[in-house]
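Structure record follows, encoded as structure tokens.
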Amino acid sequence: MAPLPGAELVRTPLQLYRYLLRCCQKLPGKPIQEHYKHMIRQSFNVHEDEDDPERIQQIIRRAVEDADWIMEKYKKQK
């Protein structure tokens, strides 16, 4: 299950970036939200020169899976 509706529609890095930032808004507490926003920005900076379409899709799939795991982690803590 995806953390937010629309995960299956994420196809480009820009769509992924927006999607992950929307996921951050659902996390509890401002410090946690800021932490994950920072991690998202850092990850995009690291991969900004990636040009292999297959590798980009692999990164997108993994990022959506990781977002799902994080959302489930904080949902269980409530």
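The values are calculated or read from the model by the stated rules, or taken from the named source; none is laboratory data. Here the structure is a predicted model, which is why all the values come from computation and not from measurement. When we count neighbours, we look across all protein chains shown, and the Cβ atoms used for this are built from the backbone with ideal geometry, even at glycine. Calculation scope for accessible area: heavy atoms of the full protein, side chains included, ligands and nucleic acids excluded. Shrake-Rupley method; radii C 1.70, N 1.55, O 1.52, S 1.80 Å.
Against the condition over 29 Å from GLN77 (Cα atoms), surrounded by fewer than 16 Cβ atoms within 10 Å (Cβ to Cβ) and at pLDDT 95 or above, how does GLU54 come out, does it pass?
yes
Please enumerate the residues belonging to the range 3-13 that are in a helix (DSSP H, G or I) and open to solvent by less than 100 Å² (accessible area, probe 1.4 Å).
Listed by number, the residues that qualify are ALA7, PRO13.
Restricting to the range 18-33, count the residues that are surrounded by fewer than 16 Cβ atoms within 10 Å (Cβ to Cβ) and at negative phi.
Residues in the range 18-33 being surrounded by fewer than 16 Cβ atoms within 10 Å (Cβ to Cβ) and at negative phi: 9 in total.
If the Cβ limit is 7 Å and pairs must be 6+ apart or interchain, which residue in the range 14-34 that is under 18 Å from GLU72 (Cα atoms) pairs with which residue that is part of a helix (DSSP H, G or I) and open to solvent by 80 Å² or more (accessible area, probe 1.4 Å)?
GLN33/GLN25
Between residues in the range 65-78 that are at pLDDT below 90 and residues that are part of a helix (DSSP H, G or I), which pairs lie under 8 Å by C-beta distance while being six or more apart or on different chains?
Every condition considered, the pairs that remain are TYR74/ILE32.
Could you tell me whether any residue of the range 34-46 is part of a helix (DSSP H, G or I), open to solvent by 30 Å² or more (accessible area, probe 1.4 Å) and touching a Phe, Trp or Tyr at 6+ places or on another chain (Cβ under 7 Å)?
yes
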